[in-house]
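What follows is one structure encoded as structure tokens, with my remarks underneath.
The values are calculated or read from the model by the stated rules, or taken from the named source; none is laboratory data. All figures in this text were calculated on a predicted structure; none of them were measured in a lab. Here Cβ is always computed from backbone atoms with ideal geometry, including for glycine, and neighbour counts include all displayed protein chains. Keep in mind that these areas ignore ligands, DNA and RNA; they rest on the heavy atoms of the full protein, side chains included. Shrake-Rupley method; radii C 1.70, N 1.55, O 1.52, S 1.80 Å.
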Amino acid sequence: MKRTAALEGLSRDHHLALVVAQKLERATVDTAPMARQAFLSYWAGEGRHHLRSEDEVLLPASARYIDARDERVVRVLVEHVDLRRLAADLETGTDLPLHQTRALAELLRSHVRHEERVLFPLIEQAVPEPELAALTTELADA
């Protein structure tokens with residue numbers, strides 16, 4: 001899907017998240033620890049920063065044109081909280097059972113799909129091009 005320049009970096013991050021989600025989904029009892037470690041590596045490298053960029057730059061700028069209480073936006077924010085909670089649990093050594101590892105995979109996958117298929121097109125439609133262009137720099141600096 002072709003994205004405006006402002007959202008291209010976030011879309012690239014989504015590809016990495018989907019790779020990690022696939023590892024989590026395919027995990028077995030034997031491979032689950034490695035899959036959870038792959039998630040933590042993603043989280044430390046891109047995931048945490050990605051959510052912060054959306055929460056601190058993208059969504060506030062979009063709120064000038066999209067109601068922050070819009071269910072499509074609220075879903076993103078709630079899922080960000082859930083992802084942060086699960087990442088914090090894993091960082092503290094909590095060992096997720098296999099069914100929760102797979103639930104994390106589904107949360108991550110559905111979150112990415114929602115942003116790519118619903119939120120980003122909404123932002124591209126609602127936010128004027130000059131402001132989207134300005135977001136390119138802000139998101140790169142975030």
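See the values below:
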item	result
Set Ala5, Ala38, Ala17: member being small (Gly, Ala, Ser) and open to solvent by 50 Å² or more (accessible area, probe 1.4 Å)	Ala5
Residues located in the stretch 57-85, provided they are of a type in the set (Asp, Glu), assigned to a helix (DSSP H, G or I) and over 15 Å from Asp13 (Cβ atoms)	Glu71, Asp82
Odd one out for Val127 among (1) β-branched (Val, Ile, Thr); (2) within 17 Å of Gly9 (Cα to Cα); (3) touching a residue at least 40 places away in the same chain (Cβ under 8 Å)	(2)
The stretch 23-34: number of residues that are in contact with a helix residue (DSSP H, G or I) (Cβ under 9 Å, 6 or more places away or on another chain), open to solvent by 80 Å² or more (accessible area, probe 1.4 Å) and either free of Cβ contacts under 8 Å to residues at least 60 places away in the same chain or not aliphatic (A, V, I, L, M) (or both)	3
Residue count for the stretch 24-34, restricted to those that are over 15 Å from Glu91 (Cβ atoms) and either assigned to a helix (DSSP H, G or I) or polar (S, T, N, Q) (or both)	6
